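Undergrad: Below: one structure in structure tokens.
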Amino acid sequence: MFEMGDFILEARSLSKEFGGFAAVRDVDLAIRRGSIHALIGPNGAGKTTVFNLLTKFLSPTRGSIVFEGRDITSLKPADVANLGIIRSFQISAVFPHLTALENVRVALQRKLGISYHFWRSPRVLEGLHGEAMEKLASVGLANFADSPAVLLSYGRKRALEIATTLALDPTLMLLDEPTQGMGAEDVGRVTDLIKEVSAGRTILMVEHNLGVVSRLADAITVLNRGRVLAEGPYEAVSRNPEVMEAYMGTSAEDADG
């Protein structure tokens, strides 16, 4: 039995209705500090809606969200990000014609409150160079620092997105389909990368590739038709008859929500 302090984020009876349609219904979610927690489910399960609710891009119809003991249900997306909840797509639209180094430096500027001041003095920007290079090195992109983002392979672009996420110093990283659209080689590289950067961090991820989930996740929550169908470690969840039925006829590679 976990103590309350073990959980960094909790959703309680989280529900979202669009007109008469209930996209998410009474979802309880508890993310243990320092863990990798995966949110999975077949098409239309409500995974993306839950992510949008947690990051406040949608407001819940009912329920509450608690982050580090604070009720954040009424906060705006920018306020949630400032608390340290960083979702990958919030900074994943990397600037294609900036170099990898410049993209990470923009994220560092945001953390310092000067994110949109692109025309800073060279002295100010040079002061961020060392930290930006450290972030690139942590995701295996040190040798691509001067490469424009548009020229990077798809897998390396995703690695750059993770580097920019790390530059924002997240307390909780929300990764939305981090391996979507990748070939096997890039999937393996990004999976290894997520494992490496997870040390000392908490990650909540939506992921369609169950092989990736089995390698990474400490805990899994399965959604189906907007409700929690099962939760627990991968070994137990993957053998759950209800989970198997929910996925029946749905390719794991195509599962999305």
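The values are calculated or read from the model by the stated rules, or taken from the named source; none is laboratory data. Everything quoted here is computed from the prediction, not taken from an experiment. Neighbour counts run over all protein chains shown; Cβ positions are idealised from the backbone, glycine included.
Undergrad: Looking only at segment 27-58, which residues are assigned to a loop (DSSP other than H, G, I, E, B) and not aromatic (F, W, Y)?
TA: R33, G34, S35, G41, P42, N43, G44, A45, G46, T55, K56, L58
Undergrad: Let me ask you something else. If you scan segment 124-169, which residues turn out to be farther than 21 Å from I86 by Cβ and touching a His at 6+ places or on another chain (Cβ under 8 Å)?
TA: Residues satisfying the conditions are P148, V150.
Undergrad: Of the residues T179, T164, which is among the polar types (S, T, N, Q), surrounded by 20 or more Cβ atoms within 10 Å (Cβ to Cβ) and within 18 Å of R110 (Cβ to Cβ)?
TA: Within the list T179, T164, the selection yields T164.
Undergrad: Here's something else I'd like to know. Within segment 59-91, restricting attention to residues that are touching a residue at least 12 places away in the same chain (Cβ under 8 Å), of a type in the set (A, V, I, L, M) and outside any loop (DSSP other than H, G, I, E, B), which residue is nearest to L160 (Cα to Cα)?
TA: The selected residue is I91.
Undergrad: Further question: If a residue must be free of Cβ contacts under 8 Å to residues at least 60 places away in the same chain and either closer than 22 Å to D218 by Cβ or not assigned by TED's automatic domain parsing to the domain that holds R227 (or both), how many such residues does segment 22-52 contain?
TA: Residues flagged as free of Cβ contacts under 8 Å to residues at least 60 places away in the same chain and either closer than 22 Å to D218 by Cβ or not assigned by TED's automatic domain parsing to the domain that holds R227 (or both) within segment 22-52 amount to 1.
Undergrad: Can you tell me which condition A236 does not meet? The list is (1) in contact (Cβ under 8 Å) with a residue 40 or more places away in the chain; (2) loosely packed, with under 15 Cβ neighbours inside 10 Å, and all the others hold.
TA: All conditions pass for A236, except number (1).
Undergrad: Given the condition at pLDDT below 90, of a type outside the set (F, W, Y), farther than 26 Å from E17 by Cα and exposed (fewer than 13 other Cβ atoms within 10 Å of the Cβ), answer yes or no: does some residue in segment 85-96 qualify?
TA: yes
Undergrad: Would you be able to tell me the number of residues in segment 14-43 that are small (G, A, S), closer than 26 Å to E235 by Cα and surrounded by fewer than 19 Cβ atoms within 10 Å (Cβ to Cβ)?
TA: 3
Undergrad: Return the residues of segment 146-165 that are among the aliphatic types (A, V, I, L, M) and either modelled with pLDDT of 95 or more or part of a helix (DSSP H, G or I) (or both); say none if nothing qualifies.
TA: Once the filter is applied, which keeps residues that are among the aliphatic types (A, V, I, L, M) and either modelled with pLDDT of 95 or more or part of a helix (DSSP H, G or I) (or both), segment 146-165 yields A149, V150, L151, A159, L160, I162, A163.
Undergrad: Of the residues T221, T202, T165, T179, only one is closer than 23 Å to L29 by Cβ, of a type in the set (S, T, N, Q) and outside the structural domain of L53 (by TED's automatic domain parsing); which?
TA: Of the residues listed, the single one that is closer than 23 Å to L29 by Cβ, of a type in the set (S, T, N, Q) and outside the structural domain of L53 (by TED's automatic domain parsing) is T165.
Undergrad: I'm trying to understand the selection: among the residues of segment 49-72, which are crowded, with 18+ Cβ neighbours inside 10 Å and of a type outside the set (F, W, Y)?
TA: T49, V50, N52, L53, L54, T55, K56, L58, P60, G63, I65, I72 - these are the residues of segment 49-72 that are crowded, with 18+ Cβ neighbours inside 10 Å and of a type outside the set (F, W, Y).
Undergrad: Follow-up question, since we're still on this one. Just give me the residues in segment 196-219 being assigned to a helix (DSSP H, G or I) and either free of Cβ contacts under 8 Å to residues at least 40 places away in the same chain or within 20 Å of S153 (Cβ to Cβ) (or both), in sequence order.
TA: Selection gives E196, V197, V212, S214, R215.
Undergrad: Moving on to the next point. Out of everything in segment 26-61 that is within 10 Å of R227 (Cα to Cα) and modelled with pLDDT of 95 or more, what residue ends up being farthest from the chain's Cα centre (by Cα)?
TA: Among residues in segment 26-61 that are within 10 Å of R227 (Cα to Cα) and modelled with pLDDT of 95 or more, the one farthest from the chain's Cα centre (by Cα) is D26.
Undergrad: Does any residue of segment 124-136 turn out to be outside any helix (DSSP H, G or I) and of a type outside the set (G, A, S)?
TA: yes
Undergrad: Just name the residue that is surrounded by the most Cβ atoms within 10 Å (Cβ to Cβ) out of those in segment 239-257 that are in a helix (DSSP H, G or I) and modelled with pLDDT under 80.
TA: Among them, the one singled out is A246.
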